[in-house]
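Participant: Structure incoming, see below.
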């Protein structure tokens, strides 16, 4: 397999996508932030002094998806048609899922991954005063559709 982000001189470049067809594209990513039970309970009970952790994290994740091309050098600036973040609160962790959509010439996998990372980092930022031991882990692409390479689904269940 040839890596496409290198030019004929072996230097990085942004891939030309102008000749590609527009297709509907969706990417789903997930990740986890592990924390103390007490931190989970404080989030559930609205006891974090900085505010509603999951609401702020959700907005931050969507903003992160929208700004991906400003942070990752070879990402194209993509017009997103949709972005959503959801959470599953477990005993000692919060699982974060992002779904990002576009109709365009290139996929939204990086935007979905960025959304999960920024959402998790926002949770960390809002809760670090009571739990500096939180761990952001297992951020991964779950599924993507559209484009020349078609559909990809990671072999796991939620």
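The values are calculated or read from the model by the stated rules, or taken from the named source; none is laboratory data. In this text the structure is predicted, and so the values were computed from the model without any measurement. Cβ sites come from the backbone with ideal geometry, for glycine too, and all protein chains shown count toward neighbours.
Participant: Only one of these is under 23 Å from residue 50 (Cβ atoms) and surrounded by 13 or more Cβ atoms within 10 Å (Cβ to Cβ): 114, 110. Name it. Break it down stepwise before answering.
Facilitator: Details: 110 fails: under 23 Å from residue 50 (Cβ atoms).
Matching residue, one of 114, 110: 114.
Participant: I would also like to ask the following. At pLDDT 95 or above, under 15 Å from residue 80 (Cα atoms) and assigned to a helix (DSSP H, G or I): does that describe residue 114? Break it down stepwise before answering.
Facilitator: Values: at pLDDT 95 or above: yes; under 15 Å from residue 80 (Cα atoms): yes; assigned to a helix (DSSP H, G or I): yes.
Here the answer is yes, as residue 114 does meet what is asked.
Participant: Restricting attention to region 68-93, which residues are exposed (fewer than 15 other Cβ atoms within 10 Å of the Cβ), assigned to a loop (DSSP other than H, G, I, E, B) and under 14 Å from the mean Cα position of the chain (by Cα)?
Facilitator: The one that is exposed (fewer than 15 other Cβ atoms within 10 Å of the Cβ), assigned to a loop (DSSP other than H, G, I, E, B) and under 14 Å from the mean Cα position of the chain (by Cα): 72.
Participant: Looking at this structure, is residue 132 outside any helix (DSSP H, G or I) and more than 20 Å from residue 51 (Cβ to Cβ)? Steps first, please.
Facilitator: Values: outside any helix (DSSP H, G or I): yes; more than 20 Å from residue 51 (Cβ to Cβ): no.
So residue 132 fails the test.
Participant: While we're here: So which of 32, 102 is farther than 30 Å from residue 133 by Cα, touching a strand residue (DSSP E or B) at 6+ places or on another chain (Cβ under 8 Å) and either modelled with pLDDT of 95 or more or surrounded by fewer than 11 Cβ atoms within 10 Å (Cβ to Cβ) (or both)?
Facilitator: Values: 32 fails: farther than 30 Å from residue 133 by Cα.
That would be 102, the only listed residue that is farther than 30 Å from residue 133 by Cα, touching a strand residue (DSSP E or B) at 6+ places or on another chain (Cβ under 8 Å) and either modelled with pLDDT of 95 or more or surrounded by fewer than 11 Cβ atoms within 10 Å (Cβ to Cβ) (or both).
Participant: Which members of region 136-150 meet the condition of being at pLDDT 95 or above and over 15 Å from residue 99 (Cα atoms)?
Facilitator: Scanning region 136-150 gives 136, 137, 138.
Participant: Here's another thing I want to ask about it. Could you list, in sequence order, all residues of region 59-77 that are more than 14 Å from residue 112 (Cβ to Cβ) and in contact (Cβ under 8 Å) with a residue 60 or more places away in the chain?
Facilitator: 60, 73, 74, 76
Participant: Moving on to the next point. Given the conditions (1) more than 20 Å from residue 153 (Cβ to Cβ); (2) in contact (Cβ under 8 Å) with a residue 12 or more places away in the chain; (3) not in a helix (DSSP H, G or I), and given that residue 96 satisfies all but one, which numbered condition is not satisfied?
Facilitator: Only one criterion in (1) more than 20 Å from residue 153 (Cβ to Cβ); (2) in contact (Cβ under 8 Å) with a residue 12 or more places away in the chain; (3) not in a helix (DSSP H, G or I) is unmet by residue 96, namely (1).
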